[in-house]
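The values are calculated or read from the model by the stated rules, or taken from the named source; none is laboratory data. For clarity, every value in this text was computed on a predicted model and none was experimentally measured. Every residue, glycine as well, gets a Cβ built from its backbone with ideal geometry; the counts of neighbours run over all protein chains shown. Side chains included, ligands, DNA and RNA excluded: accessible areas come from the protein's heavy atoms. Shrake-Rupley method; radii C 1.70, N 1.55, O 1.52, S 1.80 Å.
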Amino acid sequence: MGGAEATAGVVAFGQLLRRCRRASGLSQEELGERAGVSVRAICDLERGRRIRPYRRTVSSLAAALGLRGARLDEFVRLSRQGREPTPDGGRPEPGEQGAGPPVTAVVPRQLPAAVSHFTGRAAELEALTGRLSEATGTGAVVISAVAGTAGVGKTAIAVHWAHQVAGRFPDGQLYVNLRGYDLGEPVAPVDALASFLGALGVPGQQIPDGVDERARLYRSKLAGRQVLVLLDNARDSEQVRPLLPGDPGCAAAITSRDSLAGLVAADGAGRLDLDVLPLAEAVGLLRSLIGVRADEEPGAMAELAGLCARLPLALRIAAELAAARPEAPLAELVAELAVGRLDSLDGGEDRADVRAVFSWSLRQQPEQVATAFALAGLHPGEDLDVYAAAALTGTTTAQARRTFRQLHRASLVQAAGPGRYGMHDLLRAYAREQAVAAGQDSARGTDGRSDQALTRLFDYYLAAAASAMDVVFPAEANLRPRIAPTAAVVSEMRDEADGRAWLDRERANLVAVVSHCAGLGWPRHVTGLAGILFRYLMNGSHLPEAQTIYGHALHVARQSGDAAAEAEALNGLGGIDMIKGHFRDAADHFEAAAERYGQCGDRAGQARVLENLGLSEHQLHNNQSAVGYYQLAVAAYEDAGDSLGAARALTGLASPESELGSFDQAAEHLRRALPVFRDAKDQVREATALSLIGELSLRLGRLADAAATFEQVLAICRSIDYRIGIADQLINLGKVGVRRGQFQRAISYLRQALALHREAGYRYGEIEALRGLAEALHGAGQPAAARAELETALGLAAETGNTYQQASAHRDLADSYHRAGDDGQARRHWQRALDLAASLPAM
């Protein structure tokens, strides 16, 4: 495409965008909020200043504007007529969601396995698929609600259908069990959204806190994509509504015992009322599970189907029991079930048929197996492995494995992965009834034996989490709470990979355990897990879980008057704020934690939060204050006899000292810290200290020394897969490249660093990479590209509330506009930089 033709395409798209926005009655700010695109990007697009926009930007804008049919086609066509991106990959709109070079989108595949021997439901499956076909080209999001009584097979048909049509949704399938009818609290929409955003590739640090903000980001991530969303076991319309996609390429299927009338009326959902299986299909399901023997007694088969109320869940359990007793005539089994059903009937039970099947099946099991079934209903998570099962039942892992395999054969539990088992919500409720049937002698609503079983289970999770953390983060073992000895057997974790795999696998269960313990009187397990999991949870991908755990820990600690546990919880909440870039909020939490540690005389705990205060103050460039906190931390660590902690604080102290020009002091503190880290084999801290030594060389103009040190640190970070450290060293090497005039090399380093920081969701590092990249682009003679990166940095700094980084970005923009001869813009940015700098403390 020629230059004039390309320019015309850009201008035409901008004019169309402006017309569509005005026709929708939206300001640029309102459109930006809806689409997840910055106001600056929309302004530049409308004025024809931008290169061809990215597909995801076009999709997000079209969805926000509600474009359909021919208008949508024209919008997309004109967006493609801009000039091609430049050979270096082009530049995304500043502040655009997911800005950066195009990357392969995350494609979630979250559907559970389809149920075996699925039988019948042809008309219902056709109806669900027909809704997809009818909606093609209408611009509407297809929402299908499958409603029906418990045990009627809602999940089975929804999952079966979702697998059938998965090919129509190449961008992925999302699934969540909303647990709307479990005994505990249903899954909150805000938590389900965090899970979906994580599955769509959003780092934990970039997931907003509020449900509305998360819902907007979720819909933006789905814009322009074809994704199927399956919302299983919904409580009501309000639980579901924030989880619905907004893009016409997507579809949602919901299962619920509720009629979801609100979704039908207000959101255009089509409801499929699922009834019990017709007699022929019910008998067909029994035959597929029992085998040819069923054909010998057709009358008994029909009667068995009737006694199971033709409900798939009950039919499967009855069939498994029949298959397990091949010598018994089916008529004999039917007679047994009929007696059990009569025993179950009472005036208020509308599912006596299902309960009778449960009871009948359970009576056939050995006592140990029946007890295990009852106790499994008490587990607060969705599933459990054989180690947790052994702890819960007070048996060996070998016994637990045999027991749960027997329960699985009887269809009383279901497979949830290799060596893992879950339960249908009806079976879970029935199991819990069995667990508490002996009496209500506990304030928690369970009997004494149930309390003992749960305590064993929670002790197991404490011990297993501690074992996993010891192999993943061995250098910090002395900082974690000591765990009382337990009889629970923990799976062998030989190395970091094993430990991390266990933590990832059990993360949802650990959150469920903490929530359960917080509400029902196990405070020791809440605060213990919060203390043990700190370093793992501070991974940017796990911040929603961290927020839940430390929120519960703070509540429990304050309720019980435990100052030490309160301090730990406040430190955890401060750590979350730090990763999100909310340094002022972090400082508030750390100051409160330091006060609590002081109250209980914990000098080591006080040292940790003083060190964290030094870091938060340094990130805000309150360098004198940072020096003071770090010095207090060094003294506190020395009082506590913690040489490794003192070395960490000395390393932190070197950063603000260097920025204040105290280079000799900074170098001396780093020289003292480095051998301590090497003796402790703490490679992360060793890399940090060496990096600061390299930065001192860079400040003093010793470029060769600086480059050699940064290369050494980069090798260490790559050897331990420390991705933020890798990104920081690439930024440092980019700075060396700029000082040497090697601008293209610097651009390459800084783009790599930017991608890594974005992937990790580390906003502070992302801003620093953008500012460094802008400097390199200026050196390479690309001032417009440099200003685009600075605008992005400015938007991010405003989001995180980092005044220093905002002032720095304004100053950099002022310098850029001044060099370009645009003194009006330069004065505006200089004034803004001065106003912001005036609010900072004196250095």
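Things to note:
Every residue, every condition in (1) at pLDDT 85 or above; (2) out of contact with any Lys or Arg (no Cβ under 7 Å at 6 or more places or on another chain), yes or no:
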position	(1), (2)
E336	no, yes
A356	no, no
A372	yes, yes
L378	yes, no
Y387	yes, yes
T397	yes, yes
Q406	yes, yes
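- Within segment 200-242, the residues that satisfy the criterion of being touching a strand residue (DSSP E or B) at 6+ places or on another chain (Cβ under 6 Å) and either of a type in the set (G, A, S) or open to solvent by 10 Å² or more (accessible area, probe 1.4 Å) (or both) are N233, A234.
- Candidate set: segment 585-629, residues that are in contact with an Asp or Glu (Cβ under 7 Å, 6 or more places away or on another chain) and among the hydroxyl-bearing types (S, T, Y); chosen: the one farthest from G645 (Cα to Cα): S625
- Condition met for Q712 (in contact with a Leu (Cβ under 7 Å, 6 or more places away or on another chain), open to solvent by 50 Å² or more (accessible area, probe 1.4 Å), free of Cβ contacts under 8 Å to residues at least 24 places away in the same chain and part of a helix (DSSP H, G or I)): yes
- Cβ-Cβ under 6 Å pairs, at least 6 apart or on other chains, segment 717-745 side more than 23 Å from L700 (Cα to Cα), far side open to solvent by less than 70 Å² (accessible area, probe 1.4 Å) and in a loop (DSSP other than H, G, I, E, B): I724/Y762
- Only one of the listed residues (A468, A475) is under 21 Å from Y722 (Cβ atoms), under 25 Å from the mean Cα position of the chain (by Cα) and in a helix (DSSP H, G or I). That residue is A468.
- Candidates A391, A376, A398: the one that is over 21 Å from A508 (Cβ atoms) and of a type outside the set (V, I, T) is A398.
- Residue match in segment 170-190 (condition: of a type outside the set (K, R) and either at positive phi or touching a Cys at 6+ places or on another chain (Cβ under 6 Å) (or both)): yes
- Scope segment 296-312; condition assigned to a helix (DSSP H, G or I) and open to solvent by 30 Å² or more (accessible area, probe 1.4 Å); matching residues: E296, P298, G299, A302, E303, G306
- Test: residue in segment 784-805 that is at pLDDT 90 or above and either loosely packed, with under 15 Cβ neighbours inside 10 Å or not in a helix (DSSP H, G or I) (or both): yes
- Residue satisfying all of: in segment 45-59; part of a helix (DSSP H, G or I) and modelled with pLDDT under 70; nearest to S79 (Cα to Cα) among these: R55
- Single residue of segment 74-112 satisfying the filter (hydrophobic (A, V, I, L, M, F, W, C) and modelled with pLDDT under 90) that is most open to solvent (accessible area, probe 1.4 Å): V103
- Among the residues of segment 538-558, the ones that are of a type in the set (A, V, I, L, M) and either over 20 Å from R596 (Cβ atoms) or outside any helix (DSSP H, G or I) (or both) come to 2 in all.
- For the residues L777, L754, the requirement of being crowded, with 22+ Cβ neighbours inside 10 Å and farther than 25 Å from G581 by Cα singles out L777.
- Residues of segment 398-433 that are of a type in the set (S, T, N, Q) and surrounded by 19 or more Cβ atoms within 10 Å (Cβ to Cβ): T403, S411.
- Residue selected from segment 672-701 under the condition of a type in the set (K, R) and either more than 29 Å from Y804 (Cα to Cα) or at pLDDT 95 or above (or both), by the criterion surrounded by the most Cβ atoms within 10 Å (Cβ to Cβ): R672
- Conditions (1) without any contact (Cβ under 8 Å) to a residue 40 or more places away in the chain; (2) open to solvent by 20 Å² or more (accessible area, probe 1.4 Å); (3) closer than 23 Å to I579 by Cα; number of the one not met by L613: (2)
- Pick from segment 267-295, criterion under 30 Å from P242 (Cβ atoms) and in contact with a helix residue (DSSP H, G or I) (Cβ under 8 Å, 6 or more places away or on another chain), ranking: surrounded by the most Cβ atoms within 10 Å (Cβ to Cβ): A269
- The number of residues in segment 146-171 that are in a helix (DSSP H, G or I), touching a residue at least 60 places away in the same chain (Cβ under 8 Å), farther than 20 Å from H117 by Cβ and of a type outside the set (A, V, I, L, M, F, W, C) comes to 1.
- Leading residue by the ranking (nearest to T129 (Cα to Cα)) among those in segment 172-186 that are of a type outside the set (D, E, K, R) and either open to solvent by less than 40 Å² (accessible area, probe 1.4 Å) or free of Cβ contacts under 8 Å to residues at least 12 places away in the same chain (or both): Q173
- Residue in segment 480-488 that is of a type in the set (A, V, I, L, M, F, W, C), crowded, with 17+ Cβ neighbours inside 10 Å, touching an Asp or Glu at 6+ places or on another chain (Cβ under 9 Å) and assigned to a loop (DSSP other than H, G, I, E, B) present: yes
- Within the span defined as segment 526-543, every residue fails to be more than 23 Å from the chain's Cα centre (by Cα) and open to solvent by less than 40 Å² (accessible area, probe 1.4 Å).
- Per the listing R718, R723, R751, the residue uniquely among the charged types (D, E, K, R), touching a Pro at 6+ places or on another chain (Cβ under 9 Å) and within 26 Å of V202 (Cβ to Cβ) is R751.
- Qualifying residue in segment 568-577 (condition: in a helix (DSSP H, G or I) and surrounded by fewer than 21 Cβ atoms within 10 Å (Cβ to Cβ)): yes
- Checked against (1) part of a helix (DSSP H, G or I); (2) within 17 Å of V514 (Cα to Cα), P380 meets all criteria but (1).
- Taken together, the residues in segment 219-237 that are at pLDDT below 95, outside any loop (DSSP other than H, G, I, E, B) and of a type outside the set (G, A, S) amount to 4.
- Flag if L345 is open to solvent by 10 Å² or more (accessible area, probe 1.4 Å), closer than 21 Å to A150 by Cβ and modelled with pLDDT of 85 or more: no
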